[in-house]
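Read-outs throughout are calculated quantities, based only on the coordinates presented, and are distinct from any laboratory measurement. These numbers come from a predicted model, not from an experiment. Reconstructed Cβ throughout: ideal geometry from the backbone, glycine too, with neighbour counts over all protein chains shown.
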């Protein structure tokens, strides 16, 4: 078990995260079989937004799967994150159609605006920048996704303006609309043709 723990020590958790809630849910929903590993990881990810080291260790103990194997599964599948992400996740497509139509410049300009590289999160935890091999929306190239909203036919100016608008919204004081606890934001996939 000591060897397994050392494999997970590279994962950087700035602070200890309370994993009690998701672990309690796992104990209620699963019996602890090794074949339940991926659904357990998915539950923690949905709850916390990423997989903290403590959760990986708890899941290893519950399933009897070696911590190194749990870590291997969590790092193999791109759906899992080992680090917290920003409030807004920006994904820039790097597929052939998007590349030919300028996604490289879009990515470069967003990197310069946010001072992060793909896979990194801004120090204020507002943005995480990622690249994707292909969204499958080649007719709308170049494509960028902010949170769950797909934006097509992008250019550098439009993409940085969208980022600037999110920064402005974060800096603005809460309005009645954003302060209303009854307000429900739609989480449906939206496609905007800019």
Legend entry - Additional length obtainable on full extension of the chain from residue 18 to residue 38, 0.36 nm per residue less Cα span: 5.2 nm
Inset, instruction - Hey, could you grab the Kirkwood Rh for segment 67-123? Inverse mean 1/r over distinct alpha carbon pairs, Å, one decimal. - result: 13.4 Å
Inset, instruction - Let me know the volume per residue of the alpha-carbon convex hull for segment 12-76, in Å³. - result: 76 Å³
Legend entry - Extension gain (nm, one decimal) between residue 133 and residue 96, 0.36 nm per residue minus Cα-Cα: 12.5 nm
Legend entry - Length added when fully stretched, residue 122-residue 155, from 0.36 nm per residue minus Cα-Cα: 9.7 nm
Inset, instruction - Calculate, for residue 147 and residue 31, the FRET efficiency according to 1/(1 + (r/R0)^6) with r their C-beta to C-beta distance and R0 30 Å; round to the nearest 0.05. - result: 0.30
Inset, instruction - For each of 154, 57, count neighbouring Cβ atoms within 10 Å of the residue's Cβ, then give the residues from fewest to most. - result: 57, 154
Legend entry - Estimated distance in nm for a label pair at residue 109 and residue 164, the labels positioned 7 Å out from Cα along Cα-to-Cβ: 1.0 nm
